[in-house]
1. Which order results if V114, V76, V164 are arranged by neighbouring Cβ count within 10 Å, fewest first?
2. In region 55-181, what percentage of the DSSP-assigned beta bridges are antiparallel, given to the nearest 5?
3. Could you give the length gained by full extension between M50 and K117, i.e. 0.36 nm per residue of separation minus their alpha carbon distance, to one decimal place?
Amino acid sequence: MALMYLSNYGEKDSIDSFFAQAGKVVTSRGPIQKIIKQREALKLTAEGTMFSDFTIEDSAGQSVAFSEYIGKGKYVLVDFWASWCGPCKAELPNIREIYDKYNGEDFTVLGVAVWEKPEDTKKGIEELGIIWPCIINAQSIPTDIYGINGIPHIILFGPDGTIVARGLRGEAMKAKVAEVLGR
C-alpha cells in the first residue's frame, strides 16, 4: 500500500531507484508488477509526449479509435470517467462550463467511459446531461495505456496530439484551458 501511494505521490526518481535495486524477488510480485507497469505507462504518456492511440469496439459493435478525436488540429480535453463515480459527477459542472465557453474550431471535450457496462454509461450520459462526444465501453484499455488508477482523470491534448497537461481538475483545469487557448 505504501509503495502504491509513493508511486503516485512520492519522489518519482526514488521509486524508480528502489525498483531498480529491489531485485526480482520483490519486483516479480503481482502488486509490484502492477505499480511498475503503471509507472512505465505514466512515463510513456507524460506531459510533452505524443498521445498513445487505442481502438475499442463500441456498444454498437463498431471500432472506435482514439485517434479519430485526438491530433486533428484542436485542443481536446479528455475526461476519463464512469457514471457511478461520485468525483466524476462532481467535476461535470466544471467540464460543462469549459465546453460551453470554448467548444468550437480550436477546442472540444471528449468523454472516455471506463470500468463500466455500456448500458450504464449510456444511461449516465442521458441522466447527467453530457452533450460532448463520448467513447463508451473502453473498460481498462485506456487506463492501462495512460497509467490511470483513479477517476476522474482529465488530460488536455494539443492540436497535434501532444499531451499538454494531466490530472486537471476544477479551477486549475479552467485556468489551463484558458491559458492554452489564449482567452
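1. Working: V114 26, V76 23, V164 19.
Fewest to most other Cβ atoms nearby, the residues stand as V164, V76, V114.
2. Values: 11 of 20 bridges.
Just about 55 percent of them are antiparallel.
3. Numbers: separation 67, 0.36 × 67 = 24.12 nm, distance 2.89 nm.
That pair, M50 and K117, stretches by 21.2 nm at full extension.
Where a number appears in this text, it was derived from the coordinates with a stated rule and is not lab data. Source: prediction; values computed, not measured. Heads up, the Cβs are rebuilt from the backbone with ideal geometry, glycines too, and the neighbour counts pull from every protein chain shown.
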